[in-house]
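These notes concern the structure reproduced below.
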Ligand SMILES: [Fe+2]
């Protein structure tokens with residue numbers, strides 16, 4: 001697949017997901033962190049317009065001069081923007097206007113992609129596509145958050161569940177101590193936070209080749225774990241108290257049984273399915289209850305070739321920090337990852353909501369310990 005074909009495929013994939021949404025679904029923002037679908041459609045388009053078309057095409061006809069203010073996410077180098085919490089206030093521009101915006105940018109991108117491009121420009125376009133694939137996953141999780149907070153729990157699509165994967169095996173893998181290389185090697189695409197290969201000493205450890213299931217977590221709950229402060233980090237204990245949390249996100253005790261909201265609607269919790277939508281705090285408390293621990297991100301990477309992974313983002317006990325040789329790019333693109341390296345934990349793997357071919361064993365995802373609207377799960381080590 002050449003770059004033009006790849007561009008068309010990624011852009012089409014975003015639209016394909018939206019084809020099951022109602023017009024009313026596009027603008028709603030239930031929480032600050034969960035952006036409306038319309039905003040994602042526009043923001044991913046803004047990325048190509050701002051970082052590529054406006055710089056590469058002489059007298060590029062900007063679609064709408066207000067869009068930089070509306071659809072810039074967090075790039076201080078590119079100017080002021082609306083508050084993240086106000087993205088749901090955008091009843092206008094309409095979804096039709098946003099689709100027209102996408103078409104306008106696609107037409108100019110396709111013209112550009114039909115010319116000879118230098119390597120740096122190709123790399124920037126690939127970054128734009130990787131960015132859109134990241135937003136495809138955010139689109140899925142934000143739409144789930146929106147529909148999952150609708151009192152009648154509407155399905156996104158009856159055949160799309162995304163939460164019913166089960167483990168393929170139940171063995172424990174032993175990894176021998178040694179000095180291992182960590183970080184992305186080779187010439188394939190990766191984000192800047194994966195670069196700067198360095199060596200890490202790792203002691204002997206064991207890691208589960210399976211993820212915690214709903215059934216495992218129900219045992220934890222039945223044992224009174226959400227009431228037992230001894231299992232919790234102090235921040236985690238305050239978080240469950242303050243927010244009245246007593247189960248994973250989307251779980252509801254209904255007619256005497258635990259149910260969960262899935263993309264296919266509300267259904268009974270399947271004890272064999274892999275647990276989904278837990279915070280780092282819940283992951284740590286569960287590990288404590290099991291008298292085990294979460295792997296570090298380095299242990300995860302070393303073990304990854306032997307692991308079944310890809311159904312849930314897996315919390316690690318590593319803080320999200322720059323690798324020793326991390327280099328921040330200059331300008332706005334340098335704001336992509338580096339400035340978020342505080343108060344977040346690393347998650348490894350990928351999830352059932354991750355776009356195809358968007359994952360690799362060196363990928364470093366990162367969220368605040370309380371966040372659980374991504375498809376997050378738990379793998380234990382000791
Ligand atoms: Fe973005």
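Quick note: the coordinates plus some simple rules give every number you see, no bench work behind them. Given the structure is predicted, the values throughout are model-derived calculations rather than measurements. Neighbour counts run over all protein chains shown; Cβ positions are idealised from the backbone, glycine included.
Between helix 95-113 and the chain there is an angle of about 70 degrees, using the helix long axis and the longest principal axis of the Cα atoms.
Across segment 334-382, counting alpha-carbon atoms alone, Rg and Dmax equal 12.0, 37 Å. Calculated on C-alpha atoms, the gyration radius of segment 284-382 divided by its Kirkwood radius gives an Rg/Rh of 0.97.
Highest-first packing order for the peptide set 10-19, 170-179, 342-351 is 342-351, 10-19, 170-179, based on the mean count of other beta carbon atoms within 10 Å. In this label model, residue 2 and residue 340 are separated by 3.3 nm, measuring between points 7 Å along each Cα→Cβ vector.
Temperature 20 °C, viscosity 1.002 mPa s: under these conditions the Stokes-Einstein estimate for the chain, based on its Kirkwood radius over C-alpha pairs, is 97 µm² per second. Size check on segment 261-307: the Cα extents along the three principal axes, sorted descending, read 37, 26, 17 Å. With neighbour counts taken as other beta-carbon atoms within 10 Å, the residues 297, 133 rank, fewest first, as 133, 297. Against the chain, whose longest principal axis comes from its Cα atoms, helix 37-48 is set at around 60 degrees. Model label points for residue 13 and residue 230, set 7 angstrom from Cα along the Cα-to-Cβ axis, are 4.7 nm apart. With Cα atoms defining each centre, segment 346-382 and segment 273-318 are spaced 9 Å apart in the structure. When the chain is treated as a Gaussian network with alpha carbon springs shorter than 10 Å, the biggest mean-square fluctuation among 279, 73, 330 belongs to 330.
Most fluctuating residue of 270, 106, 188 in a GNM of the chain with Cα springs under 10 Å: which is it? It is 188. Across segment 3-148, the convex hull enclosing all Cα atoms gives 103 Å³ per residue. The convex hull drawn around the Cα atoms of segment 106-250, when projected onto a plane and averaged over every direction, covers 15.4 nm².
Going by the alpha-carbon gyration tensor, a ≥ b ≥ c the square roots of its eigenvalues, is segment 302-345 rounded (a/c under 1.5) or, if a/c is not under 1.5, prolate (a/b greater than b/c) versus oblate?
Prolate is the answer for segment 302-345, as a/c is 1.5 or above and a/b outweighs b/c.
Counting residues in segment 1-70 as N, plug N into 2.2 N^0.38 Å and put the Cα Rg over that result.
On the way: Rg = 14.3 Å, N = 70, 2.2 N^0.38 = 11.1 Å.
Output field value: 1.29.
Over segment 196-307, the fraction of Cα-Cα pairs per 10 Å bin, rounded to whole percents and listed from the shortest bin up, is 12, 39, 31, 15, 3, 0. The C-alpha atoms of the chain define a longest principal axis, and helix 119-148 lies at about 50 degrees to it.
Here each label is just a point 7 Å from Cα along the line to Cβ, and for residue 126 and residue 293 those points are 3.7 nm apart. For a paramagnetic label modelled at 7 Å from the Cα of residue 242 toward its Cβ, which residues of segment 306-349 fall within the zone defined by backbone nitrogen distances under 19 Å? Residues 342-345 fall inside that zone. Under 12 Å from a label point set 7 Å out along the Cα-to-Cβ vector of residue 76, the amide N atoms of segment 337-354 belong to 339-340.
Computing FRET efficiency as 1/(1 + (r/R0)^6) for residue 23 and residue 305, where r is the C-beta to C-beta distance and R0 is 56 Å, gives about 0.75.
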